[in-house]
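What follows is calculated from the coordinates using simple rules that are stated; it is not laboratory data. Here the structure is a predicted model, which means the values were calculated and not measured. So basically every Cβ, Gly included, is an ideal-geometry build from the backbone, and we count neighbours across all protein chains shown.
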Amino acid sequence: MPMSPLEELRHSASHILATALLRVFPDAKLDIGPPTDTGFYYDVDLDHKLTQDDLTRIEAEMKKVVDENQPFTRREVSREEAIDIIRQRGQERYKLGRLADIPEGEKISFYQNGEFMDLCAGTHVRYSSKVKAFKLLSIAGAYHRGDERNKQLQRIYGTAFPNREELEQHLERLEQAKARDHRKLGKDLRLFVIDEDVGQGLILWTPNGSIIRQELQTFIGEELRKQGYHQVFTPHIGKLELYKTSGHFPYYKESQFTPVVENESLAAIVREGCSCADMVARLDGVSAKLREDVNRRAGREIIPQDRVLDADRLLDGFMLKPMNCPHHIKIFASQPHSYRDLPVRLAEFGTVYRWEQSGELNGMTRVRGFTQDDAHLFCTESQVPAEVLGCLSLVKVVLTTLGMSDYRVRVGLRDPDSNKYTGTAENWDKAEAACREAAKTLGVPFTEEPGEAAFYGPKIDFVVKDVIGREWQLGTVQVDYNLPVRFDLSYIGPDNQPHRPVMIHRAPFGSMERFCGVLIEHFGGDFPAWLAPEQARIVPISDKVIDYARDLLAQFKAAGIRASVDEHSDKLGAKVRRAELDKVPYTLVIGAKEAEAASVSVRSRARGDEGVKPAAAFLEGLVTEIRTRALPAKRA
């Protein structure tokens, strides 16, 4: 697929970065430098640890390269010539590996600008002077080829735009994003913790964060009851064979936590009482993670014969569940069904586990353990259109309630040339047609994206824009003809014969962790009152009105409001400032006049000073605002 003009610009900027980098650090060993959705990067192996000062130096050299108006020229070569060019330039450490990735028979090309030449398929702008508006942004660690077993390189991130105005707008959005970073706000507002002793990518929900999560679960739970869903609960682990049947283990094996056992040879070895060294030596073809697991189990001791029972337990083969689908399938299959029973809608806030690379982890938005607002619907083929529309309407309710109505839709289809998909072409055609027709009803633009389907079926994804224009993939609906086949599911039709149900997967939030991370950034921590961990704070001017403040607090709590009284001895300004930093939606200042009139002086984070109101009237309004899950009206 040809690059867009913006991709060409950014790709050229990455080559200009590499040109400048080698001028500043001639010993640098280069890996790759592709364009991205928001800019470009280049991975580099360098003994020197790069700093922001180094970025300034490199950026200044990039400007010189731009001013030199260097032409980008393409040169096709044989594989032998390519090897010679790479070695002559001292870049064989990584570039030879990248050359080996090019299949035999495909064209091999280099692009040259000035003194720099890079193995590259292109394309690029014609001259370096076309890259006028760029900025180097940051440095991060990145494992070679994304594999943490490889050396960690330094990744230089940058961005480029056709003109200075667009660049400045983008940099302004980045500053806003920095202020809204959920990792910073999560710490400041005490919403969640990630502790190294627990493990990277595993979220500890604090009391404040748990309130937000529980409110979201209550919200979606109410909607599910309206649509006739049944709540279920399933365990965090299951037998390995279950996930082999579903396809999750063979298709996503590398992204799963290591199973307790991968094959029967391990259990046989355990039964024999081998030493750990012998055990590892005999585990041919077993993953490195499993070898580590064996070492951890056995230590230096010989596993005695009386551990045979333990070996039988291992032989079963258990793993942390990567998906909830197989468990819900087993619930459906646990009893016979008639066509009159369908659709069956099973819902669960189910926690699943994925082995994400450490370099890919990012606060709450990329984790190793997460809870999905998951549901699976089992229906007849004729019910598919209505059920998909019901799922889509649920996603729309969620996004509209949260003020996230600026979204587009992607229909993920299979890639006919790929072998990663399971099932027959006929079933895929029917599932894809159902997704297309459902997407047409949404009244928003949608795109079809081959290769983006799940291995078992096509899907409809909602891609939502937040308040600063960033896109997030959130709710998803998937139509699946294949897992019912793999698990031999059936129901009895009106002809008294068994028929195969169709399965629909849907998750409006996606995962609670990621969705909450996105919400923190979308609202900048200023949650609507119904979601805020603390909805109102009562701030007495002096101890003389403490009794009134406490009486108000009792009234608020009786009405179900999450409120507190700031009884610190600080001055009023400090108390108000503390409420602002904690992003409490309403700060209620009370003095002698307010106590005498049973009123409160209201300060809203959304609208500013709202003046003095009767306490009962304010409380009634706040209860309504929370019950209706209203978004705060902004200051006029």
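Numbers at a glance
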quantity	calculated
Cβ-placed point charges (K, R +1; D, E -1), dipole of the range 536-627 about Cα centre in debye, nearest 20	300
Overall form of the range 5-171 per C-alpha gyration tensor (a/c, 1.5; a/b vs b/c)	oblate
Table column - 3J(HN,Hα) (Hz), the range 349-363, Karplus curve with 6.51, -1.76, 1.60, x for Gly and Pro	8, x, 8, 10, 9, 10, 8, 7, 4, 4, x, 9, 5, 8, x
Sequence-separation-based contact order of the range 5-171, relative, with Cα cut under 8 Å and 6+ spacing, percent	29
Amide proton proximity set for residue 192, modelled H, under 5 Å, gap of 5+	206
Percent RCO, i.e. relative contact order, over the range 477-552, from Cα pairs under 8 Å lying at least 6 residues apart	21
Helical contribution to [θ] at 222 nm, DSSP H n ≥ 4, -39,500 (n - 2.57), averaged over the chain, rounded to 500	-12000 deg cm²/dmol
Within-12-Å neighbourhood charge of residue 357 [Cβ basis; K, R +1; D, E -1]	0
Sequence-distant residues sharing a close amide H with residue 256 (under 5 Å, placed H)	355
Of 418, 532, 259, farthest towards positive along the dipole that unit charges on Lys, Arg, Asp, Glu beta carbons give the chain	532
By average C-beta atoms within 10 angstrom, highest first, the peptides 403-415, 223-235	403-415, 223-235
Relative contact order of the chain, pairs being alpha-carbon contacts under 8 Å that are 6 or more residues apart, as %	10
Protection proxy ranking, peptides 72-80, 555-563, average beta carbon neighbours within 10 Å, highest first	555-563, 72-80
Inter-centroid distance (Cα atoms) of the range 597-625 relative to the range 408-465, Å	48
